[in-house]
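Contents: one structure, followed by commentary.
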2 protein chains.
Amino acid sequence: MPKVFIHEVGLRDGLQMESEIVPTGKKRDWALWLIESGVDVIQLGSFVHPKWVPQMADTDDLFFQLTDGKKQHGTIFSGLVLNEKGLERGLSCGVELFCMGVSASETHSQKNTRMSIEEALGRTIRMAKHVLSDKRKVQVSVQSAFGCGYEGLVPEENVLRIVETYLDSGLTSISLADTAGHADPNGVRRLFERVMGLSERIQVACHFHNNFGMALANCWAALQSGVTWFESSFGGLGGCPFTAVPGGNVCTEDLVHMFQRMRIGTSIELSRLIETATPTIPISLSIILNLE
Amino acid sequence: MPKVFIHEVGLRDGLQMESEIVPTGKKRDWALWLIESGVDVIQLGSFVHPKWVPQMADTDDLFFQLTDGKKQHGTIFSGLVLNEKGLERGLSCGVELFCMGVSASETHSQKNTRMSIEEALGRTIRMAKHVLSDKRKVQVSVQSAFGCGYEGLVPEENVLRIVETYLDSGLTSISLADTAGHADPNGVRRLFERVMGLSERIQVACHFHNNFGMALANCWAALQSGVTWFESSFGGLGGCPFTAVPGGNVCTEDLVHMFQRMRIGTSIELSRLIETATPTIPISLSIILNLE
């Protein structure tokens, strides 16, 4: 029975898409429910300037609240950092796994970070090494790995070159993200097989959206290539605010259901997860928050 | 570029689920639009007693209307028959491809046909041979091939035994249907690989529902096993009225989009298909019909 790992990103990738700002106490409740359900990693938020993403302004506070006292569970807390300032903030609170990355599309990189891929890559590697020197975990990613909302096709070679640079820098935990929702299962299998072939030490994660219903097809294709880490959002929340994405993130409870139906063991209690996710599925967050 | 074939079943499997009865003229319009989009086969309806499925009472009439005069297109018209009476009706109008089948679950077979699998299989084979002797096409199916709403797990051996009996009777066009919405992509690949291994002459179709978001994952898994015929419903309409299905049929436009994104050639004009399907997607049929 192969082991897969669920990296729940709804509190970050999900909520950053919503115009409504979710109160810290509500995020904390959701995080506690997700911990109870047994997900492997929860991304509590990102460390970005509140001017740009006000939904994430309380990320530090959320980390402090959830890491106050002795941990009674095995869930790892991750946080997304985009720059050195964010890294400093993350190092000052309880981030256990740092997530950071670059885009494989030059246009997307410029629009998202005002840097070329090359510059962003250099900075990401420097930040990632800083994390490792602090004895914390780091996962580096390639965004727009399966296509770009601005450029369209992204050559597989762009992605492979970035992954090779990561590997050369000793960074072996690598995520490929379909930021723009362009992936199809044939392409997913092909690219992941090439990436998996680059190193035996590599540990690969995937991040898909439900672009035209293909979320689970893409995840299964990734699984076929040997991918064991899956990033997903409870209730299928999410998407990237800086690109035209036709679907939210792959829905955690659908993903876990598919795995468990295939008797692929996850550490997750599906019924608990569904209880957490249910209120967020059919209606927008603003309605939920007003109802409560 | 592999060729796949789309068998559009929305007018039958989709509409039989709806409480509203769609007027024949409206069905005819939809069929004409589907023809324009270039789907390979359209299932216009089923030949069942109007007392049981009043939504299909006009199937003969629809066939007469659409096959009146010289055919100006390459789309094949199929019809579902459940018994000899239906077969006679189908032979009297323009059915080009007859679809019929048995369940792999004893309980489902009894509830659906009041016959054992064995009895239903004998009758289906007799009817299929009758069709072949009339120089028409026939496709035989195995329903509940991936699980049963009543019995749960359906052993793969049940399905293989039925398929072997079909093959022994000279019936090589065979569809496996996930009637109850239990399929997962690992199981799909495993079963189809075993079925494809039974004969080189076999031509296999799949019929999936969007059970918990797995429709396209299951279709892609089937494609991986060599399946080239896909049954789907425009707008994702459908499901079986006699079992607890948690999702409609796989949505034709999503399926065609996935194929075309993978550069798998279909004969279908996706934009035309989406135009046809769009009004049926977000709202129930009764609302559409009242709007028009």
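Tabulated data for the structure shown
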item	result
Ratio of Rg to Rh over chain A (Cα coordinates, Kirkwood Rh, two decimals)	0.93
Total charge dipole magnitude, the range A:5-291, about the Cα centre, Cβ charges on Lys, Arg, Asp, Glu only, Debye to nearest 20	380 debye
Dmax and Rg, reported as Rg then Dmax, of the range A:169-229 (C-alpha, Å)	11.2, 36
For B:Leu167, A:Leu15, order by how many other beta-carbon atoms lie within 10 Å, fewest first	B:Leu167, A:Leu15
Pair B:Lys71, A:Thr172: separation of 7 Å Cα→Cβ label points (nm)	6.0 nm
Whole-angstrom Cα spans of the range A:53-206 along principal axes, big to small	46, 35, 27
Helical mean residue ellipticity (222 nm; -39500 (n - 2.57) per DSSP H run of 4+; nearest 500) of chain A	-12000 deg cm²/dmol
Computed FRET value (nearest 0.05) for A:Glu200 with B:Thr107, which takes r as the C-beta separation and R₀ as 51 Å	0.55
Neighbourhood charge, 14 Å Cβ-Cβ cut-off, centred on B:Asp134 and excluding it, Lys, Arg +1 and Asp, Glu -1	+3
Cα gyration tensor of the protein assembly as shown - equivalent ellipsoid semi-axes, whole Å, descending	48, 23, 23
Ascending count of other beta-carbon atoms within 10 Å, so fewest first, for A:Met127, B:Met100	A:Met127, B:Met100
Choice from B:Trp52, B:Trp220, B:Trp33 with maximal GNM fluctuation in chain B (Cα, 10 Å cutoff)	B:Trp52
Chain A - percent relative contact order, Cα under 8 Å, separation 6 or more	21 percent
Label-point gap, in nm, between A:Ser267 and B:Asp61 - each point 7 angstrom along Cα→Cβ	6.2 nm
Farthest toward positive dipole pole in the range A:5-291 [+1 Lys/Arg, -1 Asp/Glu at C-beta], among A:His108, A:Gly226, A:His182	A:Gly226
GNM flexibility winner over chain B from B:Asn186, B:Asn211, B:Asn158 (Cα, springs under 10 Å)	B:Asn186
Axis-proximal residue, chain B, for the rotation superposing B on A (Cβ, Å)	B:Ala217, 2
Proximal lysines relative to B:Lys51, as straight alpha-carbon distance under 18 Å, when same-chain residues fewer than 8 apart are discounted	B:Lys85, B:Lys111
Cβ-vector label at 7 Å, B:Glu96, separations to other copies in nm	6.1
Most mobile listed residue (A:Gly181, A:Gly86, A:Gly152) in chain A, GNM with C-alpha springs under 10 Å	A:Gly152
Ascending list, in nanometres, of distances separating the A:Gln110 label from those of the other copies (7 Å, Cα toward Cβ)	7.0
Using a 7 Å Cα-to-Cβ projection, B:Glu193 label spacings across copies, nm, ascending	1.4
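No lab work stands behind these numbers, since they all come straight from the coordinates. From a predicted model like this one, the values you see are computed outputs, not experimental measurements. All Cβ positions, even for glycine, are placed from backbone atoms using ideal geometry, and neighbour counts span all protein chains on display.
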